[in-house]
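Since the structure comes first, as structure tokens, the remarks are kept for the end.
Derivation of every value follows stated rules applied to the coordinates shown; laboratory data play no part. Every value quoted in this text rests on a predicted model; they were computed, and no experiment measured them. Quick reminder, even Gly has a Cβ in these numbers, built from the backbone with ideal geometry, and neighbours come from all protein chains shown.
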Amino acid sequence: MQLFALGLNHTTAPVEIREQINFTPDRLKQALPDIIERELAQEVVILSTCNRTELYCVLDCDTTQAIINWLSHFHNVPLQRLQDYLYTYSQSEAVRHLLRVACSLDSMILGEPQILGQIKSAYNSARDKGTTAKLLNKLFEHSFSVAKQVRTDTAIGSSPVSVAFAAVRLAQQIFGDLSGYTALLIGAGETIELAARHLHESQINRMIVANRTIERARTLAKEFAGYAITLEEIPLHLAEADIVISSTASPDYILTQADVKQAIKQRKHRPIFIVDIAVPRDIDPAVETLDDVYLYSVDDLNEVIQENLRSREQAAQKAEEIIDTQTTHFIGWWHSQEVVDTICYLRDQAQDTRHRLVAKAKRMIDKGKPPHEVIDYLAHTLTNTLMHNPCVQLRQAGYDERDELVTAARELFQLKAEE
């Protein structure tokens, strides 16, 4: 039985290739049983995200190339176009790879938490389709446990490494609990959307979204129970905001020193935290000279992010050590399963012998034999019967000069060496 992982990711394939190999939920439902029905694998889990597509398979024989051919055919991507971007891992390296992915050591952003949820979703989809069994069930459950251990025992996820997250974390450092505060988000692009998500998760009390296109502002504001305004309306609402995060493509300043000065006056000098993520800048740098204003630029945040990345990289070294250990533990468990049938047969054989001899001993007692004689008989006969075959095989091993079998017997039965 062979464990095999096949895939491509953001480091091996450009987005135009990744999107061609991506499995939508509907296509995933078709693909999982198709692999099993074609007898390409005994078990399979497919992990498909924007940054990676990977197949984890248990193989009865080497069908690696057949699975690659299937992947090419399923997505209608020429094999020669696909093959250069693929990586494959087998046995312990496949285990190690999944553990690294689950612990986000293989992610575009080191330490990001989303990948673990995506792996759990992929595993649940496979289980729902009946394409996992003992080995992959154990492996994926093990990966979840290891990911939790890495999160608990290292600082790999404790420091923000995105601009949006760093902005919200700085706001928390200044204000503490955000549940009583209002945030004004200027723009409606990906960075602002991510900032809105982090603010929502931090239980911000209220959000105002300002954008040049009011429809886009309304869409984003609605998702987080916020309020949408146009850029022109910002001066009317700026005094309401404790936190301002701005990221637009405007060539001119969105907020001037005069705008912010007026807002501070209306706020009766309650502090306002402003993060200008835009390049070129949305906020007049002169705003920094005002009292009760904390202004951060994207460069300020990048310093925070780079420091946090260094912290995560140090944590990643410890995470790699954990993964090395846990890979060895899983492989040890896997190898132990290969002798389970032998152990069960040995125990069954011993139980059969015991039942047969105990039944005979009971008949002897029923016929009037003294119990102490029956006990001696049972112990003597049981010992001789259980030891007969091993002793015969060891004598033959000695005759055949099979020293390795004699050595194995000493280790197996924990026998002392001969004097």
Does anyone have the angle between helix 340-366 and the longest principal axis of the chain? Alpha-carbon axes, 0 to 90°, nearest 10?
40
I need the peptides 346-354, 318-326, 50-58 ranked by packing, meaning the mean over residues of other C-beta atoms within 10 angstrom, with the highest value on top.
50-58, 318-326, 346-354
Return the single residue from Asp291, Asp128, Asp403 with maximal mean-square fluctuation; model: Gaussian network over the chain, springs between Cα atoms under 10 Å.
Asp403
Reciprocal mean inverse distance between Cα atoms of region 348-412 - Kirkwood radius, Å
13.7
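Using the beta-carbon distance between Gln317 and Arg38 and R0 = 45 Å, what value does 1/(1 + (r/R0)^6) give for FRET efficiency, to the nearest 0.05?
Taking R0 as 45 Å, the efficiency between Gln317 and Arg38 is 0.60.
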Among Leu135, Leu357, Leu185, which one shows the highest mean-square fluctuation when the chain is modelled as a Gaussian network with alpha-carbon springs under 10 Å?
Leu357
Multiply the residue gap between His10 and Gln393 by 0.36 nm, knock off their C-alpha separation, and tell me the result in nm, one decimal place.
132.2 nm
For the chain, what does -39500 (n - 2.57) per DSSP helix run (n ≥ 4), summed and divided by total residues, give at 222 nm, in deg cm²/dmol to the nearest 500?
-18500 deg cm²/dmol
Candidates Leu136, Leu394, Leu79, ranked by Gaussian network fluctuation over the chain, Cα under 10 Å, top entry
Leu394
Sorted on mean Cβ neighbours within 10 Å (highest first), peptides 335-341, 40-46 come out as 40-46, 335-341
Write down Rg/Rh for the chain, rounded to two decimals, with Rg from the C-alpha atoms and Rh from the Kirkwood relation over Cα pairs.
1.22
Along the dipole axis of the chain (charges at Cβ: +1 for Lys and Arg, -1 for Asp and Glu; origin at the Cα centre), the most positive-end residue among Phe4, Gly226, Leu357 is Leu357
Over region 163-302, what portion of Cα pair distances is larger than 28 Å, expressed as a whole percent?
5
Which residues in region 304-319 place their backbone N less than 15 Å from a point set 7 Å from the Cα of Val279 along the Cα-to-Cβ direction?
304-306
Cα convex hull of region 181-238: how many Å³ per residue?
62
Enumerate by residue number the trypsin sites (Lys or Arg not before Pro) in region 216-293 meeting two conditions: DSSP loop (anything except H, G, I, E, B), and at most 11 other Cβ atoms within 10 Å of the site's Cβ.
Lys268
What are the ³J(HN,Hα) values, in whole Hz, obtained from phi via the Karplus relation 6.51 cos²θ - 1.76 cosθ + 1.60 with θ = phi - 60°, for each residue of region 181-197 in sequence order, with x given for Gly and Pro?
10, 10, 10, 10, 9, 10, x, 8, x, 4, 5, 5, 4, 5, 4, 4, 5
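Average the reciprocal distances over every distinct pair of alpha-carbons in region 59-200, invert the result, and give the Kirkwood radius in Å. Show your work: numbers first, answer last.
Values: mean 1/r = 0.0539 Å⁻¹.
One over the average 1/r among Cα pairs gives 18.6 Å for region 59-200.
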Spin-label model distance (nm) - Lys138 vs His237, 7 Å beyond Cα toward Cβ:
5.7
Given the pairs Lys120/Lys318; Lys138/Lys318; Lys29/Lys138; Lys222/Lys268, which span a C-alpha to C-alpha distance of over 28 angstrom in this model?
Lys222/Lys268
Rounded FRET efficiency, nearest 0.05, which uses the C-beta distance separating Asp60 from Lys360 and R0 of 45 Å
0.50
Given a cut-off of 23 Å, what percent of all Cα-Cα pairs of region 264-419 lie beyond it?
72
Compute, for region 2-153, the length of the dipole vector about the Cα centre, with Cβ point charges of +1 (Lys, Arg) and -1 (Asp, Glu) only. Units Debye, rounded to 20.
340
Size of the dipole of region 348-412 about the Cα centre, Lys and Arg at +1 and Asp and Glu at -1 on the beta carbon, nothing else charged, in debye to 20?
560
